[in-house]
Amino acid sequence: MNTPRWLITGANGYLGYRVGEQAARRGEAFGLVRSADRRVADGVAPVLGDLDDLASLDRILLMVRPHCVIHLAAMTKVDQCQVKPDESFHRNVTATRQLAIRCQEMGTHFLFASTDMVFSGESGDYDEASESRPVNLYGEHKRLAEEAVLEVCPTATICRLPWMFGLPTPQYDGHFAGMVKMLIAGEAVRLFDDEIRSPLTTDRVASGLLDVSLDRPDRRLLHFSGPEKVNRYQIGLWAAESLEVPIDLVVRCQQADHSSPTPRPANVSLRTRFPNDVPALHDIDIEADVRSYASRIKRELNPEESETDLSCDHGDETR
């Protein structure tokens, strides 16, 4: 088998950094970035380019000739999408469609990362056959992007991803690491108890995406789902216990307490009809992952406190 070669858009992002990190260990990884100051993982070859520059994009695809393009670049801040709808549509729908067309023309597998927020949140426990009815523009534009991808690139794979947590990257702390740092500093954190998700770590999602890009299961749509339906308040409690800080630093709040221009779905927990297609998501204990990652972040902030290996097995790290 030829060495796999990936082109990853959004390779400097919170998830993209981890995808690149693992891809570089499993083959050749190229990261599409808009400027030289965008940090990618070690072993990833940065490629300067812009999804809006179609001539440059064509040149990059011909130069890299990836077996798979993993498209992670997106406008993901839901409030920004809500107040800047034209920009959101362009970045989340138009750019995705243009890239999918080029992958179809080149015979390159196109893997598109979508979101659990394509659902209304009225019932939760959504599988791949559930009707998508988003309640905000971010979810709506991702839904439209899914339709565009399947229209212009029928061999593509769409992976709907849940809320993720993980270690910080050089450019992004992420919500979870920010929460952990506040708790360590003795600062209170306010977390929703009425927003239900099926969380996963960025490392596990990265491993799953790479597996799908290699195995190419006979599915056009896959859900990446953690095994538990959890709210962020519970995640905060687990983290606080692991960090051995006062539990009362974790303050319960509700969506109604949050002033936002954006409607938010209450329960977008996912499940999959095809669990065997993503082995990287088997045998997961979310509570254990939360506790482990909180401890790892604390150790990185205070490396002299412990020499104990607190890393958890993600199934791919020894490959």
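Can you give me the number of residues within region 69-95 that are of a type in the set (Val, Ile, Thr) and either in a loop (DSSP other than H, G, I, E, B) or outside the structural domain of residue 30 (by TED's automatic domain parsing) (or both)? So the answer is 1.
Considering only residues in region 247-270 that are assigned to a helix (DSSP H, G or I) and at pLDDT below 95, the one that is surrounded by the most Cβ atoms within 10 Å (Cβ to Cβ) turns out to be 255.
Counting only strands (runs of 3 or more DSSP E) wholly contained in region 96-202, no element carries 2 or more residues that are touching a residue at least 40 places away in the same chain (Cβ under 8 Å), surrounded by fewer than 18 Cβ atoms within 10 Å (Cβ to Cβ) and of a type in the set (Lys, Arg). On the stretch given as region 1-30, residues that are without any contact (Cβ under 8 Å) to a residue 24 or more places away in the chain and either outside the structural domain of residue 212 (by TED's automatic domain parsing) or out of contact with any Asp or Glu (no Cβ under 9 Å at 6 or more places or on another chain) (or both) total 1. Among the residues examined, residue 65 does not qualify as under 24 Å from residue 210 (Cβ atoms) and either touching a Pro at 6+ places or on another chain (Cβ under 9 Å) or not assigned by TED's automatic domain parsing to the domain that holds residue 141 (or both).
All conditions but one from (1) at pLDDT 95 or above; (2) under 18 Å from the mean Cα position of the chain (by Cα); (3) more than 19 Å from residue 163 (Cα to Cα) apply to residue 316; the one that does not is (1). Note down all Cβ pairs under 9 Å where the first residue falls in region 212-241 and is over 19 Å from residue 282 (Cα atoms) and touching a residue at least 12 places away in the same chain (Cβ under 8 Å), the second is basic (Lys, Arg) and crowded, with 21+ Cβ neighbours inside 10 Å, and they're at least six residues apart or on different chains. Short answer, once both residue conditions are applied: 231/197; 232/197. For region 65-119, filtering for residues that are charged (D, E, K, R) and within 17 Å of the chain's Cα centre (by Cα) leaves 3. If you filter region 271-299 down to residues that are touching a Ser or Thr at 6+ places or on another chain (Cβ under 6 Å) and within 27 Å of residue 127 (Cβ to Cβ), you find that the one that is modelled with the lowest pLDDT is 280.
So, in region 204-225, of the ones that are modelled with pLDDT under 95 and part of a loop (DSSP other than H, G, I, E, B), which residue ends up surrounded by the fewest Cβ atoms within 10 Å (Cβ to Cβ)? Checked region 204-225; the qualifying residue surrounded by the fewest Cβ atoms within 10 Å (Cβ to Cβ) is 218.
The values are calculated or read from the model by the stated rules, or taken from the named source; none is laboratory data. Keep in mind that this is a model prediction, so the values were computed, not measured. Quick reminder, even Gly has a Cβ in these numbers, built from the backbone with ideal geometry, and neighbours come from all protein chains shown.
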